[in-house]
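The values are calculated or read from the model by the stated rules, or taken from the named source; none is laboratory data. Every value quoted in this text rests on a predicted model; they were computed, and no experiment measured them. Cβ: placed from backbone, ideal geometry, glycine included. Neighbour counts: every protein chain shown.
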Amino acid sequence: MWGNDLLHGSSTCVHVQESFLHITDPWAITLMILAIIGLMSVASVTGTFIYYWNRPIIKSSGREQLILILIGITLCFVVTVIYLIKPSIVVCTLQRAGLWFCFSIILSALLVKLVRISRIFMQSINN
């Protein structure tokens, strides 16, 4: 990367050392451990969810929305790996778009679930 110091009146470019999180850094190892713990938690919830798939509580809670939420959370933990790769145009694009895409999946599923519950309560009030 190249940059210049406009605050001090410099008009020449100065080489800026590229820095990113290496896989061997303590922070990177911590992130990977937390991501693995998160993925194991999501796998546990998914297993429980599949085990009780035909129970009334799971049916009434909106299975489709919960599947989307679990997919979004899984993708959030997987995106952590992308932050440990050496930056390039593709990697930086995936970092920015990937994280927002995951959050969009989660929030859209939550919004659909909220609208669904709201309509059920509004229908019971009108009757």
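Tabulated data for the structure shown
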| read-out | value |
| --- | --- |
| Among the residues listed as Arg96, Arg119, the single one being charged (D, E, K, R), within 25 Å of Thr24 (Cα to Cα) and modelled with pLDDT under 95 | Arg96 |
| Residues that are assigned to a helix (DSSP H, G or I), of a type outside the set (Phe, Trp, Tyr) and out of contact with any His (no Cβ under 7 Å at 6 or more places or on another chain), drawn from region 8-33 | His8, Pro26, Ile29, Thr30, Leu31, Met32, Ile33 |
| Search result, residues across region 34-68 that are part of a helix (DSSP H, G or I), over 16 Å from the mean Cα position of the chain (by Cα) and hydrophobic (A, V, I, L, M, F, W, C) | Val45, Phe49, Ile50, Ile57, Ile58 |
| Flag for Ile85 being in contact with a helix residue (DSSP H, G or I) (Cβ under 7 Å, 6 or more places away or on another chain), outside any helix (DSSP H, G or I) and either of a type outside the set (Asp, Glu) or touching a residue at least 60 places away in the same chain (Cβ under 8 Å) (or both) | yes |
| Residue within region 41-61 that is over 25 Å from Leu111 (Cβ atoms) and either touching a residue at least 24 places away in the same chain (Cβ under 8 Å) or surrounded by 12 or more Cβ atoms within 10 Å (Cβ to Cβ) (or both) present | yes |
